[in-house]
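> One structure follows; several queries about it will come next.
The values are calculated or read from the model by the stated rules, or taken from the named source; none is laboratory data. In this text the structure is predicted, and so the values were computed from the model without any measurement. We place every Cβ from the backbone using ideal geometry, glycine too, and count neighbours over all the protein chains shown. The accessibility values were calculated without ligands, DNA or RNA, using every heavy atom of the protein model including side chains. Shrake-Rupley method; radii C 1.70, N 1.55, O 1.52, S 1.80 Å.
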Protein chains: 2
Amino acid sequence: MAQVLRRLPHVHDDALLVGTETRDDAAVYRMGSAALVFTADFFAPVVDDPYDFGRIAATNALSDVYAMGGEPMVALNLLACPAKLLGPRVIARILRGGADACREAGATVGGGHSVEDPEPKFGLAVVGRVSPRALWRNVGARDGDRLLLTKPLGTGVITTAIKRRLARPAEIRAVTRVMSTLNRDAATALRSLGKAVHAVTDITGFGLLGHLFEMLDGSGVDATLTYSAMPIPAAARRLAALDCFAGGTRANLDSVRRRLALAPALRDDPHAALLLADAQTSGGLLAAVAPSALRRAQAALGAAGIEAAVIGELTTARRARPRVTVVP
Amino acid sequence: MAQVLRRLPHVHDDALLVGTETRDDAAVYRMGSAALVFTADFFAPVVDDPYDFGRIAATNALSDVYAMGGEPMVALNLLACPAKLLGPRVIARILRGGADACREAGATVGGGHSVEDPEPKFGLAVVGRVSPRALWRNVGARDGDRLLLTKPLGTGVITTAIKRRLARPAEIRAVTRVMSTLNRDAATALRSLGKAVHAVTDITGFGLLGHLFEMLDGSGVDATLTYSAMPIPAAARRLAALDCFAGGTRANLDSVRRRLALAPALRDDPHAALLLADAQTSGGLLAAVAPSALRRAQAALGAAGIEAAVIGELTTARRARPRVTVVP
């Protein structure tokens with residue numbers, strides 16, 4: 001849709017601090033001395049349990065507010081489902097999962113919209129607040145910055161395996177926990193670093209590479225990623241070997257392949273690039289942090305119980321279109 | 001979904017001025033001295049032309065903000081569709097229709113969310129602003145109030161006829177114009193009456209009777225409707241005679257039938273009650289106005305080019321559960 005939107009006439013509104021130009025995570029709209037962060041996201045079930053699905057979908061929608069440096073305030077349920085087929089209990093479980101994520105986020109569910117649909121979908125529209133001075137964008141990363149990632153990768157592989165009945169119960173529990181974890185504490189820890197955090201986004205459907213390229217394109221920097229530093233759980237590697245990649249993941253890789261260089265040692269691994277392109281659900285924050293603040297960032301995230309990985313670093317782009325190099 | 005939501009634990013948040021309790025048109029959230037109006041709505045195509053569909057769906061979503069007395073500020077596209085099947089041109093037409101409605105409303109499109117779906121759906125999440133003192137609710141109507149309706153009824157009948165290929169081109173054009181008309185000017189005209197407007201809602205999926213009963217139940221008043229005063233276009237009467245009623249309309253009538261009394265002269269008309277229950281898309285505002293302000297209201301609406309119908313009046317409810325009586 002981003003491509004289609006770019007063809008629409010551009011509407012100039014000084015109050016719109018962040019719109020569609022950089023494919024940022026949410027719209028930001030000035031209101032007095034504060035600003036609103038406004039986002040919407042919904043999708044089909046990624047796990048079988050309705051409560052977990054609701055909680056994950058809501059956590060994923062709320063994440064866009066955290067990725068902009070904001071605090072969620074109020075949310076609306078967005079529900080499309082075959083109401084009679086699912087029945088009121090299942091629907092209530094989905095909504096309760098969403099409501100619990102909102103409560104944990106300090107956001108109030110103010111209502112919602114539902115529509116009859118053969119294929120269930122759930123998510124939220126969310127409004128949060130952010131100080132315009134504390135706003136994070138997915139652009140603004142600089143030469144020398146280190147890349148921090150606050151959640152493991154591989155949720156796309158594992159949820160695809162769930163659909164194919166290939167995931168083990170412990171793997172399902174672990175990935176559910178990851179996808180149900182708010183990016184709130186990660187955002188709070190990163191905010192404590194002030195101006196040393198240059199750009200932030202969250203990793204969702206376009207995968208690590210897709211969202212990283214948005215950051216690079218908007219910032220004019222190349223990235224060098226360290227494959228061995230990637231937080232890829234054993235379950236994701238096991239299920240990648242069973243080729244549990246979603247169609248979206250292959251499309252993600254296709255769209256960046258020409259700007260991606262794998263070190264020779266990685267070229268024999270048929271899954272390395274796909275794992276980096278894996279379409280994530282409710283993924284972590286990706287932050288570009290000044291190297292001088294890296295230790296403080298790791299300490300702040302660690303104190304919040306978050307194992308953040310230092311997955312690479314940025315350098316001034318050597319061509320008009322930035323590139324990603326992956327080293328072992 | 002309203003029934004399911006009522007079973008969820010109630011979240012208390014002083015900033016949530018309007019939540020889910022009264023099935024109001026949108027959530028209202030205090031932010032400093034102002035308040036946000038927050039709503040989301042999306043649905044499947046009601047007309048064949050993609051531009052018109054987008055414009056109608058957006059007009060319908062924006063209407064919730066007007067129904068609360070607010071002004072739309074920023075909107076996000078909510079799109080679910082089979083992207084390859086529709087192709088980028090059709091999708092762009094839908095989005096352009098939505099964008100044009102937003103521009104007319106003075107709202108900026110700040111982005112959106114799209115998801116692959118075999119059955120197309122489009123709509124908006126919208127954030128507007130309202131002064132808490134100028135906020136309209138769907139409750140607060142009083143004994144003696146007159147009911148004003150600012151758009152014709154029958155959009156459900158006619159759009160059902162479009163799906164069945166029974167509507168004539170001129171009928172399609174006329175209903176498209178009605179559904180594409182913002183409730184902005186109607187709201188502006190009603191706001192000029194100040195405190196004489198006691199309750200406002202907009203007429204959408206639950207039909208005139210469904211939304212009226214929400215007003216009555218929250219206000220403790222009965223309604224007497226004048227059937228001959230109803231703005232029912234000839235096209236709607238013609239197509240009602242061909243039984244072009246949607247399933248939702250029959251469900252609307254079933255859910256209120258026990259509290260609805262038709263005068264004997266109307267009982268022979270098999271379509272009278274169904275036309276009053278007709279599920280509307282992007283319907284008009286229904287306002288409860290003090291009788292002393294009725295002439296001023298009609299004059300203000302007329303000056304804005306709106307033919308508002310005086311469709312009934314309200315009296316203190318005689319039973320615990322309010323009732324509607326329809327006289328010829």
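> Being in a strand (DSSP E or B), among the β-branched types (Val, Ile, Thr) and either within 21 Å of B:Arg173 (Cα to Cα) or at the interface with chain A (Cβ under 9 Å from one of its Cβ atoms) (or both) is the filter here; which residues of the range B:33-66 pass it?
B:Thr39
> Scan the range A:274-315 for residues that are of a type in the set (A, V, I, L, M) and either without any contact (Cβ under 8 Å) to a residue 60 or more places away in the chain or not assigned by TED's automatic domain parsing to the domain that holds A:Asp217 (or both) and report the count. Don't jump to the end; show me each part of the working.
Going through the range A:274-315, the residues of a type in the set (A, V, I, L, M) turn out to be A:274-277, A:279, A:285-290, A:293-294, A:297, A:299-301, A:303-304, A:306, A:308-311, A:314.
Those left that are additionally either without any contact (Cβ under 8 Å) to a residue 60 or more places away in the chain or not assigned by TED's automatic domain parsing to the domain that holds A:Asp217 (or both): A:274, A:299.
Residues that pass the stated criteria total 2.
> Listed residues A:Glu104, A:Glu71; which is open to solvent by 10 Å² or more (accessible area, probe 1.4 Å), in contact with a Ser or Thr (Cβ under 9 Å, 6 or more places away or on another chain) and either more than 10 Å from chain B (Cβ to nearest Cβ) or over 25 Å from A:Val178 (Cβ atoms) (or both)?
Going through A:Glu104, A:Glu71 in turn, the sole match is A:Glu104.
> Can you tell me how many residues in the range B:121-150 are in contact with a Pro (Cβ under 6 Å, 6 or more places away or on another chain) and at negative phi?
The qualifying residues number 3.
> Just one of (1) under 17 Å from B:Leu260 (Cα atoms); (2) over 13 Å from the mean Cα position of the chain (by Cα) trips up B:Thr188, so point out which.
All conditions pass for B:Thr188, except number (1).
> Another question, if that's okay. Please find, within the range A:110-128, the residue that is surrounded by the fewest Cβ atoms within 10 Å (Cβ to Cβ) out of those that are at the interface with chain B (Cβ under 8 Å from one of its Cβ atoms) and at pLDDT 95 or above.
Only one residue fits best here, namely A:Lys121.
> Now for a different question. Restricting to the range B:77-89, and then to whatever is at the interface with chain A (Cβ under 10 Å from one of its Cβ atoms) and over 24 Å from the mean Cα position of the chain (by Cα), can you tell me which residue is surrounded by the most Cβ atoms within 10 Å (Cβ to Cβ)?
B:Cys81
> Does any residue of the range B:168-182 turn out to be under 30 Å from B:Arg133 (Cα atoms), more than 12 Å from the chain's Cα centre (by Cα), aliphatic (A, V, I, L, M) and open to solvent by less than 30 Å² (accessible area, probe 1.4 Å)?
So far as the range B:168-182 goes, no, none of its residues is under 30 Å from B:Arg133 (Cα atoms), more than 12 Å from the chain's Cα centre (by Cα), aliphatic (A, V, I, L, M) and open to solvent by less than 30 Å² (accessible area, probe 1.4 Å).
> Okay, moving on. Out of the residues in the range B:129-166 meeting the condition of being within 30 Å of A:Ala34 (Cβ to Cβ) and polar (S, T, N, Q), tell me which one is least open to solvent (accessible area, probe 1.4 Å).
Among them, the one singled out is B:Asn138.
> Please list, ordered by first then second residue, the pairs with beta carbon atoms under 7 Å, 6 or more apart or interchain, first in the range B:83-107 and assigned to a helix (DSSP H, G or I), second charged (D, E, K, R) and buried (at least 18 other Cβ atoms within 10 Å of the Cβ).
From the range B:83-107, the pairs are B:Gly97/B:Asp52; B:Gly97/B:Arg55; B:Gly98/B:Arg55; B:Asp100/B:Arg55; B:Ala101/B:Arg55; B:Ala105/B:Arg184.
> State the number of residues belonging to the range B:270-328 that are of a type in the set (Asp, Glu) and loosely packed, with under 15 Cβ neighbours inside 10 Å.
1
> Residues that are modelled with pLDDT of 95 or more, open to solvent by 20 Å² or more (accessible area, probe 1.4 Å) and closer than 29 Å to B:Ile158 by Cα: does the range B:52-66 have at least one?
Yes; the residues of the range B:52-66 include at least one that is modelled with pLDDT of 95 or more, open to solvent by 20 Å² or more (accessible area, probe 1.4 Å) and closer than 29 Å to B:Ile158 by Cα.
> Let me ask another. Out of A:Gly248, A:Gly207, which single residue is surrounded by fewer than 24 Cβ atoms within 10 Å (Cβ to Cβ) and either free of Cβ contacts under 8 Å to residues at least 12 places away in the same chain or not aromatic (Phe, Trp, Tyr) (or both)?
On inspection, the qualifying residue turns out to be A:Gly248.
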